[in-house]
Structure formats: structure tokens, C-alpha cells
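K.L.:
First the structure, which I've put down as C-alpha cells, then a few questions once you've had a look.
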Amino acid sequence: MAGARHGGGEPDLYRDTWVRYLGYANEVGESFRPIVPVAAVWASYGVATAYVTADAIDKGRKAAASLASVAIPGFTINRLCAASLALLASLTRWPLPVRKWATTALGLAAIPVIITPIDRSVDFLMDSSIRKL
């Protein structure tokens, strides 16, 4: 497991290292149930729960970074361009190629404008949810 790459790139601490075995602590506890106090079994569940929680927070942060850098901006530009193409069709008599180029120019011009609001919004959402954990 050590040195493996989950999905390529850097090793995932929670999937590609010995830390992964902490997720199975409760199974170890259950295996020892006949010979250890029940409190030890419950403690093994605590270890496994801590592992799952840490892994979920880690993946949530990575997902937030993905949302802020790919999904939300892409969706925003997609909707902006779709709306502008529709508006240009209803408000102008420009030929379709001109409307398409105007829509493309608007989409490109909007990229630097949307970066900061999207980053701040994702940070706010993450600060209000996952990061509190």
C-alpha cells in the first residue's frame, strides 16, 4: 500500500499509506471482542470513526478546491453564454455568427470578473460547513 497512488499524483494519506488501516480498527476490535473488555471494542470504533471523519474532511476540502476552480466557474460561464446568446437573439438582428462571437467575447471577458466572487463564495460555504468540523 505504501507508495501506491490512488488516482495518480501524490499519495493520498488516507488511502495510500498505513493510515488506511485505521479505518479497519473497529473490525480489529470486533475480532478481539471475545477476549477484551467491551470498552476496548468501543474504543476501536472511535479510532475508525476518527479516520473516516478525517478522510471525509480531507476529501471535502479537495472537492471544494475542485468546485472553486472547475465546476462552478465552468457552470457560470456556460449559463452566462447561454443567456447572452438568447438575449442577443431576441434583442438584436445580428447574424448568428456575430452573436456567437459576441457571446464568446463576453464569456472570455467574464472570466477574470467571476474568479474572486466564486472563490469567496466557496470559502464562505466551506467555512460555514466542512471547515467547522
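K.L.:
Just to check your reading of the model, which residue among 38, 70 is out of contact with any helix residue (DSSP H, G or I) (no Cβ under 9 Å at 6 or more places or on another chain) and within 21 Å of residue 116 (Cβ to Cβ)?
P.N.:
70
K.L.:
I've got another one for you. Just to be sure I understand, how many residues within region 48-82 are surrounded by 16 or more Cβ atoms within 10 Å (Cβ to Cβ) and either under 14 Å from the mean Cα position of the chain (by Cα) or within 30 Å of residue 33 (Cα to Cα) (or both)?
P.N.:
Result for region 48-82: 9.
K.L.:
Tally up the residues in region 93-110 that are of a type outside the set (Gly, Ala, Ser) and closer than 16 Å to residue 82 by Cβ, please.
P.N.:
Within region 93-110, residues that are of a type outside the set (Gly, Ala, Ser) and closer than 16 Å to residue 82 by Cβ number 8.
K.L.:
So residue 57 clears everything in (1) among the hydrophobic types (A, V, I, L, M, F, W, C); (2) more than 30 Å from residue 126 (Cα to Cα); (3) in a helix (DSSP H, G or I) except one condition, right? Which one?
P.N.:
For residue 57, the failing item is (2).
K.L.:
Please tell me if residue 51 is in contact (Cβ under 8 Å) with a residue 12 or more places away in the chain and either more than 30 Å from residue 125 (Cβ to Cβ) or outside any helix (DSSP H, G or I) (or both).
P.N.:
In short, no.
K.L.:
Residues that are under 23 Å from the mean Cα position of the chain (by Cα), assigned to a helix (DSSP H, G or I), loosely packed, with under 15 Cβ neighbours inside 10 Å and among the hydrophobic types (A, V, I, L, M, F, W, C): does region 10-21 have at least one?
P.N.:
Within region 10-21 (the criterion being under 23 Å from the mean Cα position of the chain (by Cα), assigned to a helix (DSSP H, G or I), loosely packed, with under 15 Cβ neighbours inside 10 Å and among the hydrophobic types (A, V, I, L, M, F, W, C)), the answer is yes, since at least one residue qualifies.
K.L.:
If you go through region 88-133, how many residues are in a helix (DSSP H, G or I) and surrounded by 13 or more Cβ atoms within 10 Å (Cβ to Cβ)?
P.N.:
The qualifying residues number 21.
Rule-based calculations on the coordinates, nothing more; no lab input. Every value quoted in this text rests on a predicted model; they were computed, and no experiment measured them. Ideal geometry is used to build each Cβ from the backbone, glycine not excepted, and the neighbour counts take in all protein chains shown.
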